[in-house]
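Take a look at the structure below.
The values are calculated or read from the model by the stated rules, or taken from the named source; none is laboratory data. Keep in mind that this is a model prediction, so the values were computed, not measured. In this analysis, Cβ positions are derived from the backbone assuming ideal geometry, glycine residues included, and neighbour counts consider all displayed protein chains.
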Amino acid sequence: MSRLAALLGGLFSLWIAVASPLAGMDHQFLTAHMAQHLLLMTVAAPLLLLSAPAMILPRNVFHPAICWLAGTSVVFGWHVPALFELGMRSAGWHAFEHATFFIAGLMFWWPVIQPKVCPRWGIPIYLFLATLPCDALSAFLTFCGRVVYPHYLSAHGLFDISPLADQACAGALMWTWVTFVYLAPAAAITLRMLSPQRRAWNVEAA
């Protein structure tokens, strides 16, 4: 993928998340709200990183463990009901929420996309471990049987869908999307490392 295509795709994803009609639906539907988060963290952030030239930054600041914790903490933190409701009530906090998802996305994908940050064999493990907390959260939203966020009890949507069904859809969206986006590159990198050509090249280099 060319840097220009990645840049345009990243900017378009940002627009969809924060300025398109989807952005106006996040107060009515948790599924739309979830789609915003996924676009910011797993589409816009990695595409914009792919559009940038390779950069070497201090490893103690962008250590894979710190990047992983940043992504996971932001996802879990903003899904705590009290913080979630704060973002729904205040435009300023809502904008801050979007910014933290995007910045956390940049940090999370940095070890995957930028060179010499994480060993190639460590990236599949890094991505696999990232799916686990997201799977737990999405499973909770899908199957808990009650509306977790009171805001959506009073929200008036355009479609005939109950708040509980909307919550289940949001959880299923997160579950499916994160599993694919994280595990697909993990599998591709693993297969590439295990390919006969790759192993032969490693033997010759040794």
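Whenever a residue of the range 42-60 is farther than 15 Å from Leu14 by Cα and at pLDDT 90 or above, it has no partner that is among the aliphatic types (A, V, I, L, M) and not in a helix (DSSP H, G or I) lying with C-beta atoms less than 6 angstrom away and at least six residues away or across chains. Among the criteria (1) surrounded by fewer than 19 Cβ atoms within 10 Å (Cβ to Cβ); (2) in contact with a Ser or Thr (Cβ under 7 Å, 6 or more places away or on another chain); (3) more than 13 Å from Val75 (Cα to Cα), the one Thr131 does not fulfil is (3).
Of all residues in the range 77-128, count the ones that are part of a helix (DSSP H, G or I) and within 21 Å of Ile66 (Cα to Cα). Walk me through it before giving the result.
Filtering the range 77-128 for residues part of a helix (DSSP H, G or I) gives 77-78, 81-89, 91-113, 122-128.
Among the residues that remain, those that are also within 21 Å of Ile66 (Cα to Cα) are: 77-78, 96-113, 122-128.
Residues in the range 77-128 being part of a helix (DSSP H, G or I) and within 21 Å of Ile66 (Cα to Cα): 27 in total.
If you check Ser20 against the conditions, is it out of contact with any helix residue (DSSP H, G or I) (no Cβ under 8 Å at 6 or more places or on another chain), modelled with pLDDT under 95 and not β-branched (Val, Ile, Thr)? So Ser20 passes the test.
Residues are listed down the side, and each one gets a yes or a no for (1) modelled with pLDDT under 95; (2) within 13 Å of the chain's Cα centre (by Cα):
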{"site": "Val74", "(1), (2)": "no, yes"}
{"site": "Leu83", "(1), (2)": "no, no"}
{"site": "Ala91", "(1), (2)": "yes, no"}
{"site": "Phe96", "(1), (2)": "no, no"}
{"site": "Ala99", "(1), (2)": "no, yes"}
{"site": "Ala104", "(1), (2)": "no, yes"}
{"site": "Ile113", "(1), (2)": "yes, no"}
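Within the range 143-170, the only residue that satisfies the criterion of being assigned to a loop (DSSP other than H, G, I, E, B), among the aromatic types (Phe, Trp, Tyr) and at pLDDT 95 or above is Tyr149. Can you tell me which residues in the range 135-157 are surrounded by fewer than 16 Cβ atoms within 10 Å (Cβ to Cβ), under 18 Å from Gly77 (Cα atoms) and aromatic (Phe, Trp, Tyr)? Listed by number, the list holds a single entry, Phe140.
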